[in-house]
Amino acid sequence: MNTSVNIAGVTFKNPVMTASGTFGSGAEYSEFVDLNRLGAVVTKGVANVPWPGNPTPRVAEVYGGMLNAIGLQNPGIDLFIERDIPFLKHYDTKIIVNVCGKTTEDYCEVVERLADQPIDMMEINISCPNVKEGGIAFGQDPKAVEAITREVKKYAKQPVIMKLSPNVTDITTMAKAAEAGGADALSLINTLTGMKIDIHRQQFALANKTGGMSGPAVHPIAVRMVYQVAQAVDLPIIGMGGIMNAEDAIEMILAGATAVSVGTANFTNQTVTTEIVDGIEEYMSRYGVDDVCELIGAVHE
Amino acid sequence: MNTSVNIAGVTFKNPVMTASGTFGSGAEYSEFVDLNRLGAVVTKGVANVPWPGNPTPRVAEVYGGMLNAIGLQNPGIDLFIERDIPFLKHYDTKIIVNVCGKTTEDYCEVVERLADQPIDMMEINISCPNVKEGGIAFGQDPKAVEAITREVKKYAKQPVIMKLSPNVTDITTMAKAAEAGGADALSLINTLTGMKIDIHRQQFALANKTGGMSGPAVHPIAVRMVYQVAQAVDLPIIGMGGIMNAEDAIEMILAGATAVSVGTANFTNQTVTTEIVDGIEEYMSRYGVDDVCELIGAVHE
Amino acid sequence: MAEKFREQAIIIRQEEIADDIYSMWLRTEHIAEYAKAGQFISIYCNDGSRILPRPISICEIDKADGALHLVYRVAGKGTQEFCKLHTGAQLTIVGPLGNGFPKKSQKAFIIGGGIGIPPMLQLAKELDCEKQIVLGYRDELFLVEEFKKYGSVYLATEDGSAGTEGNVLDAIRENGLSADIIYACGPMPMLRALKAYAIEHDIECWISMEERMACGIGACLACTCQSKNKDEHSNVNNKRICKEGPVFRAREVEF
Amino acid sequence: MAEKFREQAIIIRQEEIADDIYSMWLRTEHIAEYAKAGQFISIYCNDGSRILPRPISICEIDKADGALHLVYRVAGKGTQEFCKLHTGAQLTIVGPLGNGFPKKSQKAFIIGGGIGIPPMLQLAKELDCEKQIVLGYRDELFLVEEFKKYGSVYLATEDGSAGTEGNVLDAIRENGLSADIIYACGPMPMLRALKAYAIEHDIECWISMEERMACGIGACLACTCQSKNKDEHSNVNNKRICKEGPVFRAREVEF
């Protein structure tokens, strides 16, 4: 039985990855999960310099999900290269580094620093506000998506995954823009912007007022967008959004994803990633699927 | 204690309404709920002619919510005027008629037929595909939103509520477009487009492939959009999206809604609407709120 | 206007009577009193992640005891939740819903296929006529003894492990059976075949249909089926299975 | 690397010991064995609509019996769910999490305020020094008898119904107490006042902090607090309450 998948020339032992921001750089979860069993670890977004993030409360639970406004707190690329990459190199898994920034220059600086590092791919988080363009997220404007993709590709030595924001009218225009800019792969969906209000204190549950919504509540929206994007572009897709178990992961693959990222589910069950690896294999044997690639986009009417 | 609210000159005994499409014209739920206790009944979308709707399956349950692709099946305006309006006139509640169409002409025809009817307001569902514009929904293009609002207002004798789609990059541009077109009020959110795949049959759960997602899972997105729109325009807002209880309703009002519509929750609990009316009153007495209007947009940092 | 109730029902007992097929008796306050053969109830999950009711057909009604007998297949997470509940556990239910079977006096075929078998039991009990009960299974049998109390029972199994190898129509032919009216519930292909059989033999045929539901009471228009003629309520060629159905004259519906 | 476990714990018993304050004893496989005073566990809800764990501080540890004592306030739907569970019910828990209190030998103030009182009990039991236990309540008392076993207990209540009318510092002053080290858990204003008191009297002060958490193990960076100096892990002036905390030297954190 083959469970390995190939994305932009990189081979993953299985299609199960961790979603950026939910798994740190793997150290904390390595107390519960054998990282060697994962297709890849996608690290928390790293910027050119350390970011302190937002004030607390940074998270709030919502029905079937959660809101987060961590504010991309990260230790900066220097410490990341010195500490986090060497840590992950001890494991037999692929390393995908998520990159965030406030300006195109920020992104390019990080990508350039990573160019000669022993990592397998980079994932560009374009849901960050573009401070030079009045704070609208790069990922909400097709021109900005194409431009940032093209710029980043100039400096990248590893294949580049553009991570799309779902807070858009038409996800396929963003996917096509990334493709036009030279993206090697796409990942979606990032979080949906939500809000929670404490009716007793009549205050926002998050210090940041709004937060990114994730968890099983957003899964049907993620599946729809992955399906639409798979129909619209030729790039491989890493599907994510509310995947809580193998069934959700397989649903995402059937919709057109070559691999999946598991995020919020790690908070509910520390060992969910390896359970999903096992569950996909069980599904394959139950239905006589020899190669997991046969499942990619296999949904039909 | 005052629980009545005013929207575009119409006074509602309380801020609790039914969400279009979930409550028919009230007949079925009148076996469980005293319609006289509701602020308003918002009827299922009606078109100029009868619509047969989509093939089945038309609904699928998802985590904390549901998908629907009913396809706006409706009996057409003639039978609606002859049967449904007279039925509702037997009750001491306000009547808001939801209108759908495939072209601007369709909408205007229905609005014109309703002009001399004893109804209190009209709600225009602009999430329907505009068949003359390649099927993109009216509600996903600000120019189309302003244009359809302006056209409808030419024929309307009752105040017009424009119902906004959440499947957009920036809900405030749609709200401003409706305001520019002369809308008297806004209602939001309509459903979010989602998809579910049956991994065992490897088929779409809905005959229509995609469906509109509703239920508590979408509530935080609805609260966020209601808050954003309340900051952006001066129109009264009817907030809806995953309201399951009085707490959710109050949260929506604190975010800036003058009234709320309860939809999917009716499927979970047939008497939820009147329970929410009671729950809002309990909240008001507990916190010494004399007038429910004091709660509108009262959220603070 | 039919009486409908929302109640906290209490599980009297529950057991697995075949692979993934569960038999549950519920004590109700009012629903059993008003229920008719062929109607169904909505059962709500206790887990908040599942917000829609599960429509479950009524297998038996014990009016004296105010109890309902349900026999259902575990088909998803909701029924998975129900089957784990024990005596004394509570379930929120709404019913009775839909219209039941008419009760005529002609010589009758009472036909059930798979999980469409349970709803025929109460009808078999109530019908006062010559009853030929034809039950179709994949392999494992259930409720057969219960049906034998009310008429002559003929079996069909896909694997031939019991009765006629094949479907219910094969059993009817093999046993040379005939009747003047059909009452049936089961998978679509079976219902299609019975509709054709009824037209061919020019006999009355009543079938109970199934579809994904949301409200269960006729408001949401999710569970429609196509009707031969324009429906009075919908004003199009659609009928609501939860409201006008689940029992229809086979000739009235297109499927 | 500290041992952490994910287990199905079983409720030994649970009772409401004050208005909305519940006392629950859990049997664990490994967690009690490794737990230290001042640590916490994550408790998961059984209802699928709630996906995040509830961090609950450890009140007492019975290593011989492999049991944990938790005393928590019903503050939302999750704790509402927990408080309804009876003996024998199962809960998924993860722990022990965070770092506990250090155990010094100087004359100590053990100070708890409100729902910050329970985590001080195991420390009171373990500390081997002169202990002055100061507990602050709004009105209704709980766990007082338990604390009396381990030291002299001084009370403060907002309404004056017991002990000193006011807060824990009022009780310290009214009773003319002094100590060389403070261990404390409670509301922010109390912790701020104690930090100031400790600086003023130039004594060591250890506080246990609280914040909204998601992962509970240090990965998600939700439950941070500002640190005086740059934190080694975060590389900014933030520490993770679930990982570097919940117990901090008061001087190390800004709040």
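The values are calculated or read from the model by the stated rules, or taken from the named source; none is laboratory data. Remember, predicted model here, so these are calculated numbers, not experimental data. Note: ideal-geometry Cβ built from the backbone for every residue, glycine included; neighbour counts use all protein chains shown.
Here are a few things to note about the model shown:
- Listed conditions (1) surrounded by 24 or more Cβ atoms within 10 Å (Cβ to Cβ); (2) within 19 Å of B:Met1 (Cα to Cα); (3) within 11 Å of another protein chain (Cβ to nearest Cβ); (4) more than 16 Å from the chain's Cα centre (by Cα) are all met by B:Ala246, apart from (1).
- Filter pass, A:Lys94 being modelled with pLDDT under 95 and either out of contact with any helix residue (DSSP H, G or I) (no Cβ under 9 Å at 6 or more places or on another chain) or away from chain B (no Cβ under 14 Å) (or both): no
- Where B:Leu67 falls short, out of the listed (1) under 23 Å from B:His219 (Cβ atoms); (2) buried (at least 24 other Cβ atoms within 10 Å of the Cβ); (3) more than 7 Å from every other protein chain (Cβ to nearest Cβ); (4) aliphatic (A, V, I, L, M): (3)
- Selection of region C:175-215 for residues being under 20 Å from the mean Cα position of the chain (by Cα) and in a loop (DSSP other than H, G, I, E, B) yields C:Gly186, C:Pro187, C:Met209, C:Glu210, C:Glu211, C:Arg212, C:Met213, C:Ala214, C:Cys215.
- Residue-level check: of (1) surrounded by fewer than 24 Cβ atoms within 10 Å (Cβ to Cβ); (2) at the interface with another protein chain (Cβ under 9 Å from one of its Cβ atoms), A:Ile197 misses just (1).
- Pair list, Cβ < 9 Å and 6+ apart or interchain, from region B:36-49 residues that are closer than 16 Å to B:Asn266 by Cα and within 13 Å of another protein chain (Cβ to nearest Cβ) to residues that are part of a strand (DSSP E or B) and of a type in the set (Gly, Ala, Ser): B:Val42/B:Ser187; B:Val42/B:Ser261
A quick yes/no check of all residues on (1) in contact (Cβ under 8 Å) with a residue 24 or more places away in the chain; (2) within 14 Å of another protein chain (Cβ to nearest Cβ); (3) under 14 Å from the mean Cα position of the chain (by Cα):
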residue	(1), (2), (3)
D:Phe5	yes, yes, no
D:Gln8	yes, yes, no
D:Arg13	yes, no, no
D:Ile17	yes, no, no
D:Glu29	yes, no, no
D:Glu33	yes, no, no
D:Ala37	yes, no, yes
D:Ile41	yes, yes, yes
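- Checked against the criterion of being surrounded by 24 or more Cβ atoms within 10 Å (Cβ to Cβ), within 12 Å of the chain's Cα centre (by Cα) and under 23 Å from A:Leu164 (Cα atoms), region A:30-41 contains one or more residues that satisfy it.
- If you check B:Leu206, B:Leu186 for being farther than 30 Å from A:Gly288 by Cβ and either more than 10 Å from chain A (Cβ to nearest Cβ) or crowded, with 24+ Cβ neighbours inside 10 Å (or both), only one passes: B:Leu186.
- Hits in region D:197-255 (condition: touching a residue at least 12 places away in the same chain (Cβ under 8 Å), within 11 Å of another protein chain (Cβ to nearest Cβ) and acidic (Asp, Glu)): D:Glu210, D:Glu211, D:Asp231
- Against the test of being more than 10 Å from chain A (Cβ to nearest Cβ), of a type in the set (Asp, Glu) and either in a loop (DSSP other than H, G, I, E, B) or crowded, with 24+ Cβ neighbours inside 10 Å (or both), the options B:Asp278, B:Asp234 yield a single qualifying residue, B:Asp234.
- All conditions in (1) free of Cβ contacts under 8 Å to residues at least 12 places away in the same chain; (2) surrounded by fewer than 23 Cβ atoms within 10 Å (Cβ to Cβ) hold for A:Glu61, with the sole exception of (2).
- From the list B:Ile126, B:Ile85, the lone residue that is at pLDDT 95 or above and either crowded, with 18+ Cβ neighbours inside 10 Å or among the hydrophobic types (A, V, I, L, M, F, W, C) (or both) is B:Ile85.
- C:Glu232 meets all of the listed conditions (1) in contact with a strand residue (DSSP E or B) (Cβ under 7 Å, 6 or more places away or on another chain); (2) farther than 24 Å from C:Ile110 by Cβ but one, namely (1).
- Single residue of A:Gly239, A:Gly211 found to be more than 10 Å from chain B (Cβ to nearest Cβ), modelled with pLDDT of 95 or more, surrounded by 24 or more Cβ atoms within 10 Å (Cβ to Cβ) and not in a loop (DSSP other than H, G, I, E, B): A:Gly239
- Exactly one residue among B:Thr149, B:Thr169 is within 19 Å of the chain's Cα centre (by Cα) and farther than 30 Å from B:His90 by Cα, and that residue is B:Thr149.
- Matching entry among C:Gly112, C:Gly116, C:Gly98, C:Gly78 (being touching a residue at least 40 places away in the same chain (Cβ under 8 Å), over 20 Å from C:Leu143 (Cα atoms) and not basic (Lys, Arg)): C:Gly98
- Residue in region B:104-115 that is among the hydroxyl-bearing types (Ser, Thr, Tyr), assigned to a helix (DSSP H, G or I) and more than 14 Å from chain A (Cβ to nearest Cβ) present: yes
- Flag if C:Gly95 is more than 14 Å from chain D (Cβ to nearest Cβ) and buried (at least 23 other Cβ atoms within 10 Å of the Cβ): yes
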